[in-house]
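A short reminder: the numbers here are calculations on the coordinates, not readings from a lab. Worth saying up front: this structure is predicted, and the values here are computed from it rather than measured. Cβ placement follows ideal geometry from the backbone for every residue including glycine, while neighbour counts extend to all protein chains displayed.
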Amino acid sequence: MDRLIGDNLYVAGPGLSIADLMLTPHLEFFAIAPEGVTLLEPYPRLRAYLERMQARPSMKATSWERLKQAA
């Protein structure tokens with residue numbers, strides 16, 4: 001994934017796509033697990049991608065914390 005994203009802002013290039021919206025929740029869960037944190041460490045572009053996606057208003061509005069508050 002790190003190589004696929006490369007220097008692009010998003011998976012498929014400069015614009016947001018369905019690929020990003022489908023990938024991000026999986027990466028978020030992966031990054032929560034201690035093993036996932038360790039495995040992501042050597043991939044700064046992938047970590048930066050996840051941070052960019054998590055900063056999007058739509059992702060913030062549907063974060064686990066936000067969803068728990070609404071429940």
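Go through the residues of the stretch 60-69 one by one and say whether even a single one is of a type in the set (A, V, I, L, M), out of contact with any strand residue (DSSP E or B) (no Cβ under 8 Å at 6 or more places or on another chain) and surrounded by 12 or more Cβ atoms within 10 Å (Cβ to Cβ). Looking for residues that are of a type in the set (A, V, I, L, M), out of contact with any strand residue (DSSP E or B) (no Cβ under 8 Å at 6 or more places or on another chain) and surrounded by 12 or more Cβ atoms within 10 Å (Cβ to Cβ), one finds none in the stretch 60-69, hence no.
If the condition is being over 18 Å from L67 (Cβ atoms) and surrounded by 14 or more Cβ atoms within 10 Å (Cβ to Cβ), then the stretch 29-47 contributes F30, G36, L40, Y43, R45, L46, R47.
Where in the stretch 3-71 are the helices (runs of 4 or more DSSP H), entirely inside, with at least 3 residues that are touching a residue at least 12 places away in the same chain (Cβ under 8 Å)? Break it down into steps so the answer makes sense when it comes.
Details: elements: 18-32, 34-40, 44-55, 57-61, 64-70.
It comes to 18-32, 44-55.
Being out of contact with any strand residue (DSSP E or B) (no Cβ under 6 Å at 6 or more places or on another chain) and surrounded by 11 or more Cβ atoms within 10 Å (Cβ to Cβ) is the filter here; which residues of the stretch 18-28 pass it?
We begin by selecting, within the stretch 18-28, every residue out of contact with any strand residue (DSSP E or B) (no Cβ under 6 Å at 6 or more places or on another chain); these are 18-19, 21-28.
Within the stretch 18-28, A19, L21, L23, T24, P25, L27, E28 meet the criteria.
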